[in-house]
Amino acid sequence: MSDDLTEALDRAAEQLRDARSVCVLTGAGVSAESGVPTFRASDGLWEGHRIEDVASPQGWNRNPQLVWDFYHLRRANVTQVQPNPGHHALARMEQHWGSDRWTLVTQNVDGLHQVAGSRHVLELHGSLRRTRCLDCGEIVDQGLKPMTGIPNCPDCQGILRPDIVWFGEMLPPDTWRAAERAARECTVMLVVGTSAVVYPAAGLIAIAVGEGRKHPPGIVLECNLTETDASTLADIHLFGPSGDTPLFERLGI
Ligand code: BV8
Ligand code: ZN
């Protein structure tokens, strides 16, 4: 391990140990260690589809069956993967800090943080496991059971859509407000496996470092394979795969 990384890990562990409250922001890179392809790596093509065709309201209006075929496939993919050590380390850290001082905000929709035991999770972009009825609005946790075609609402027979936030759609207001508060009040933000390109999620990092804060700026620790759009805001960079958890080992929890 390079001296730089060793020194960065020592500083990061020290900051986390003293943290009064921690806000974690995760992205597709955390699930990449479980074999779930990242959004960025797809070069704008997801399972062979253009993003605008399968993850936007316009794409849904043009061809809802194509959108559901895309989500049926992603749901089936997630049944084949397990949480990795990075997911488990984050769940263990929440147990150590306590859910009142630890908020995990994720852009991921695969639910793997919860499978690994994370409890206080804010899903900014929804979940592959849930559907939402276009008529009565009911949100149902369908788990990952196989679904086909365009499913109908068990209550009103209306058309179900994935409970996912598509590009051009607002994030769930309550979830977003809770995430903003966690970013504003945290003393340490741990940013793991995100390119920090997608907004407003990526904006949480700027909030943690200062925008509109009553408290002193939070310390930002970034764990990624490469530099990202957030790197200029990060105090400490931990370059390496999120599934390797030397930080977790250093904390000795
Ligand atoms: C909104 C659900 C406004 C879908 C997702 C033009 C037109 C319309 C909108 C916009 C526009 N320009 C900008 C916007 C805003 C847009 C946006 O930010 N676009 C980006 C692309 C520029 N945002 C929106 O549209 C948002 N809504 O703005 O609404 C509004 C306001 C009022 C009223 C109405 C509307 C909604 C955004 C949510 C989109 N939905 N997901 C689905 O998943 O099916 S976002 C999608 O992107 C995924 O959730 C994914 O998480 C996210 C991508 O981000 P990352 O998670 O960071 O993934 P990525 O692949 O990018 O990066 C992976 C990182 O991991 C890399 O850094 C890599 O180095 C690292 N990594 C890889 N392996 C590892 C690793 N790190 C550690 N270890 C490893 N092993
Ligand atoms: Zn309904």
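Here, each number is a calculation from the coordinates, and none is a lab measurement. Treat the numbers as computed from the prediction; the structure is a model and nothing was measured. Here the Cβ positions follow ideal geometry from the backbone for every residue, glycine too, while neighbour counts run over all protein chains shown.
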Report summary line: Per the rule of 0.36 nm per residue minus the C-alpha distance, extending GLN80 to ARG119 adds in nm 11.8 nm
Query raised in the report: For ARG50 and ASP155, what does the FRET efficiency come to when R0 = 41 Å and r is the distance between their Cβ atoms, rounded to the nearest 0.05?
Result: 0.80
**Report entry** Tail beyond 16 Å, pair distance distribution of region 154-202 (Cα, percent)
**Finding:** 59
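Under the definition of Cα pairs under 8 Å and six or more residues apart, what whole-number percent is the relative contact order of region 55-132?
28
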Query raised in the report: Order of GLU94, GLU169 from fewest to most other C-beta atoms within 10 Å?
Result: GLU169, GLU94
Query - Principal-axis tilt of helix 85-97 within the chain, Cα atoms, nearest 10 degrees - result: 60
Report task. Using Cα pairs closer than 8 Å and at least 6 residues apart in sequence, work out the relative contact order for region 132-194, in percent. Result -> 27
Report task. Give the shape of the chain as rounded, prolate or oblate, defined through the alpha-carbon gyration tensor: a ≥ b ≥ c are the square roots of its eigenvalues, a/c under 1.5 means rounded, and otherwise the shape is prolate if a/b is larger than b/c and oblate if not. Result -> prolate
Requested in this report: Could you rank the peptides 28-34, 153-159, 237-243 by their average count of other C-beta atoms within 10 Å per residue, with the highest value first?
Outcome: 28-34, 237-243, 153-159
Query - Extension gain (nm, one decimal) between VAL197 and THR6, 0.36 nm per residue minus Cα-Cα - result: 66.0 nm
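Stretched out fully, how many nm does the piece from SER231 to SER99 gain, at 0.36 nm a residue minus the Cα gap?
Extra length available between SER231 and SER99 comes to 44.8 nm.
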Report summary line: Restricting to Cα pairs under 8 Å and 6 or more apart, the percent relative contact order of the chain works out to 25
Report summary line: One finds, for LEU66 and LYS145 with R0 = 30 angstrom and r their Cβ-Cβ distance, a FRET efficiency to the nearest 0.05 of 0.90
Requested in this report: Calculate the spin-label point distance for LYS214 paired with ASP174, positioning each point 7 Å from the Cα along the beta-carbon direction, and give it in nanometres.
Outcome: 2.3
